[in-house]
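Following: one structure in structure tokens, then a few remarks.
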Amino acid sequence: MSTTASSFASPTKPASWSWEATSESVAERYGLPVEQVVRFDQNTAPAPPEMVRKLLEIGAFEVPLSEYPPSDYGRLVAAAAERYGVAREELLVGAGADEILDLCAKAFLPAGGAAIVPVPTYPMYGILTDQRRAAVLRVPRRAADAGYALDIDAVRVAASEPADNGAHPGVIWLCSPNNPTGRAEPDGVIAALLDGLARDADAAGRPHPTVILDEAYTEFTGGSLAGLRAGYPRLVVLRTMSKAYSIAGLRVGFAIARPEIIEEIAIYRPPGSVSNVSVDVAAALLSDAALAPSRVAAIAAERERFGHALRDAGWDPQPSTTNFLLVAFASTAAAEAAAEGLLSRGLIPRTFPADHPLAHSLRLTVRNQEQDDRLVAAAREIGAGR
């Protein structure tokens with residue numbers, strides 16, 4: 001059973017997301033109680049903050065659940081603007097970062113256009129580009145020993161040349177820290193890339209490409225690059241409440257950009273896609289300045305403990321600045337065998353297709369000590385051939 005989320009395309013149909021195996025389907029296949037299934041594949045937390053439980057128990061939402069949410073999400077926008085240090089007119093709310101990605105694709109990728117996707121990375125960037133009937137230009141990242149960092153020279157070359165359909169790339173999708181490699185770009189790399197893209201476009205008399213920087217995991221690094229929009233006006237930065245704030249099921253995300261860029265994206269915003277519950281809970285979490293740092297510190301400590309335990313079990317977790325670990329194996333076959341061993345024990349890893357540059361790896365969410373120790377015990381058994 002594969003738990004890989006991947007894309008499929010045909011000459012007549014665009015690429016699409018392939019949904020992960022459900023916990024129920026894994027339990028059924030391996031004859032396990034569904035309560036024993038643990039998702040190490042989605043980079044989510046075992047539980048939301050305690051504040052969420054209290055807010056839901058009270059059940060007193062600003063707008064009754066019988067009504068649609070406010071069209072401006074005013075309370076949530078105010079809280080996010082305060083937390084992220086931006087103006088309200090520089091924010092757009094979406095149903096998770098994935099809706100923001102979709103809105104950006106609609107706003108900036110016309111049919112017949114082109115976009116650059118440094119790989120390996122989150123597959124939705126390529127899927128959304130293909131769904132817009134635009135060309136996907138995949139630019140390999142640097143090797144594992146270079147931390148899978150962006151190859152900014154290669155990206156600049158790709159941005160300067162037309163794609164096979166004749167279009168110059170109008171969008172560049174970036175992710176830092178990068179999913180699934182788990183590492184942030186080295187200091188100064190993205191700033192240098194933006195500077196180079198601007199100079200190249202000016203020299204050629206072309207518009208600057210829109211750069212979409214996904215910062216879903218940025219709380220784990222302690223800083224955001226949203227400030228670079230001052231020098232590169234066509235920068236859009238994405239934030240989410242799914243990772244550090246652990247409310248993936250409530251679907252709350254944001255775009256941060258200059259007001260004129262937000263206006264371009266907002267044209268495609270659907271009505272009421274973020275629920276009243278999500279608005280109130282997310283606003284409350286953002287208003288607590290200590291919440292995200294404390295959760296990040298706890299996850300980081302558990303990540304280090306989990307990583308050491310996996311090494312002691314004979315596995316090879318790579319460096320990470322996120323809430324997950326990328327574990328490298330000697331071969332694709334070894335990774336597949338480890339994945340099957342985990343699945344048979346009700347532990348669901350993220351796998352990669354055979355043609356993926358990380359096919360020899362598994363991605364594992366950092367959860368809590370009890371669940372992580374179950375996986376470590378399984379790793380020892382798998383390594384011993386049991």
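The values are calculated or read from the model by the stated rules, or taken from the named source; none is laboratory data. It should be emphasised that the depicted structure is a prediction, and the values quoted were computed from it without experimental measurement. Positions of Cβ are backbone-derived with ideal geometry, glycine not excepted, and every protein chain shown enters the neighbour counts. The area values use the complete protein model at the heavy-atom level, side chains included, leaving out ligands, DNA and RNA. Shrake-Rupley method; radii C 1.70, N 1.55, O 1.52, S 1.80 Å.
Are any of the residues in the stretch 49-71 of a type in the set (S, T, Y), in contact (Cβ under 8 Å) with a residue 24 or more places away in the chain, crowded, with 18+ Cβ neighbours inside 10 Å and in contact with a helix residue (DSSP H, G or I) (Cβ under 9 Å, 6 or more places away or on another chain)? Outline the logic, then answer.
To start, the set of residues in the stretch 49-71 that are of a type in the set (S, T, Y) comprises 66, 68, 71.
In the following step, the residues that additionally are in contact (Cβ under 8 Å) with a residue 24 or more places away in the chain were identified as 68, 71.
Narrowing the set further to residues that are crowded, with 18+ Cβ neighbours inside 10 Å leaves none.
Among the residues of the stretch 49-71, not one is of a type in the set (S, T, Y), in contact (Cβ under 8 Å) with a residue 24 or more places away in the chain, crowded, with 18+ Cβ neighbours inside 10 Å and in contact with a helix residue (DSSP H, G or I) (Cβ under 9 Å, 6 or more places away or on another chain), which makes the answer no.
Taking A144, is it under 29 Å from S16 (Cα atoms), buried (at least 18 other Cβ atoms within 10 Å of the Cβ), touching a Ser or Thr at 6+ places or on another chain (Cβ under 9 Å) and small (G, A, S)?
Working: under 29 Å from S16 (Cα atoms): yes; buried (at least 18 other Cβ atoms within 10 Å of the Cβ): no; touching a Ser or Thr at 6+ places or on another chain (Cβ under 9 Å): yes; small (G, A, S): yes.
Criteria not met by A144.
Name the residues in the stretch 143-158 that are in a helix (DSSP H, G or I) and touching a strand residue (DSSP E or B) at 6+ places or on another chain (Cβ under 6 Å), would you?
Within the stretch 143-158, A154, V155, A158 meet the criteria.
Identify, from the list D187, D202, D130, the residue that is open to solvent by 50 Å² or more (accessible area, probe 1.4 Å) and part of a helix (DSSP H, G or I). First the steps, then the outcome.
On the way: D187 fails: part of a helix (DSSP H, G or I); D130 fails: open to solvent by 50 Å² or more (accessible area, probe 1.4 Å).
D202 is the lone residue from the list that is open to solvent by 50 Å² or more (accessible area, probe 1.4 Å) and part of a helix (DSSP H, G or I).
Take the stretch 205-219 and flag every residue that is buried (at least 17 other Cβ atoms within 10 Å of the Cβ) and either in a loop (DSSP other than H, G, I, E, B) or over 18 Å from the mean Cα position of the chain (by Cα) (or both).
The first filter runs over the stretch 205-219 and keeps only residues buried (at least 17 other Cβ atoms within 10 Å of the Cβ), leaving 208-219.
The answer is H208, P209, T210, E215, A216, Y217.
Counting only residues that are in a loop (DSSP other than H, G, I, E, B) and open to solvent by less than 10 Å² (accessible area, probe 1.4 Å), which one in the stretch 247-272 is nearest to L92 (Cα to Cα)?
A257
With A201, A184, A192 as the choices, which residue is aliphatic (A, V, I, L, M) and more than 27 Å from the chain's Cα centre (by Cα)? Before the answer, list the steps.
Details: A184 fails: more than 27 Å from the chain's Cα centre (by Cα); A192 fails: more than 27 Å from the chain's Cα centre (by Cα).
Going through A201, A184, A192 in turn, the sole match is A201.
Exactly one of these conditions fails for G96: (1) of a type in the set (G, A, S); (2) in contact with a strand residue (DSSP E or B) (Cβ under 8 Å, 6 or more places away or on another chain); (3) more than 15 Å from D214 (Cα to Cα). Give me its number.
G96 satisfies every listed condition except (3).
Return the residue satisfying two criteria in turn: it lies in the stretch 130-177 and is within 18 Å of the chain's Cα centre (by Cα) and in contact (Cβ under 8 Å) with a residue 60 or more places away in the chain, and of such residues it is nearest to T221 (Cα to Cα). Even if it seems obvious, please write down each step before you answer.
First, pick out the residues of the stretch 130-177 that are within 18 Å of the chain's Cα centre (by Cα): 138, 141, 147-150, 171-177.
With the extra rule that they be in contact (Cβ under 8 Å) with a residue 60 or more places away in the chain, the set shrinks to 147, 171, 177.
Numbers: G147: 15, V171: 25, P177: 8 Å.
For the stretch 130-177, the residue satisfying everything is P177.
Pairs under 8 Å by beta carbon, first residue touching a residue at least 12 places away in the same chain (Cβ under 8 Å) and at positive phi in the stretch 251-274, partner among the aromatic types (F, W, Y) and open to solvent by 60 Å² or more (accessible area, probe 1.4 Å), six or more apart or different chains?
G272/Y68
Hey, does the stretch 160-174 have a residue that's crowded, with 16+ Cβ neighbours inside 10 Å, under 16 Å from A204 (Cβ atoms) and touching a His at 6+ places or on another chain (Cβ under 9 Å)? It would help to see each step written out before you state the result.
Going through the stretch 160-174, the residues crowded, with 16+ Cβ neighbours inside 10 Å turn out to be 160, 163, 167-174.
Keeping just the survivors that are under 16 Å from A204 (Cβ atoms) gives 160, 163, 167-170, 172.
Still in the running and touching a His at 6+ places or on another chain (Cβ under 9 Å): 160.
Yes, there is a match, as at least one residue in the stretch 160-174 is crowded, with 16+ Cβ neighbours inside 10 Å, under 16 Å from A204 (Cβ atoms) and touching a His at 6+ places or on another chain (Cβ under 9 Å).
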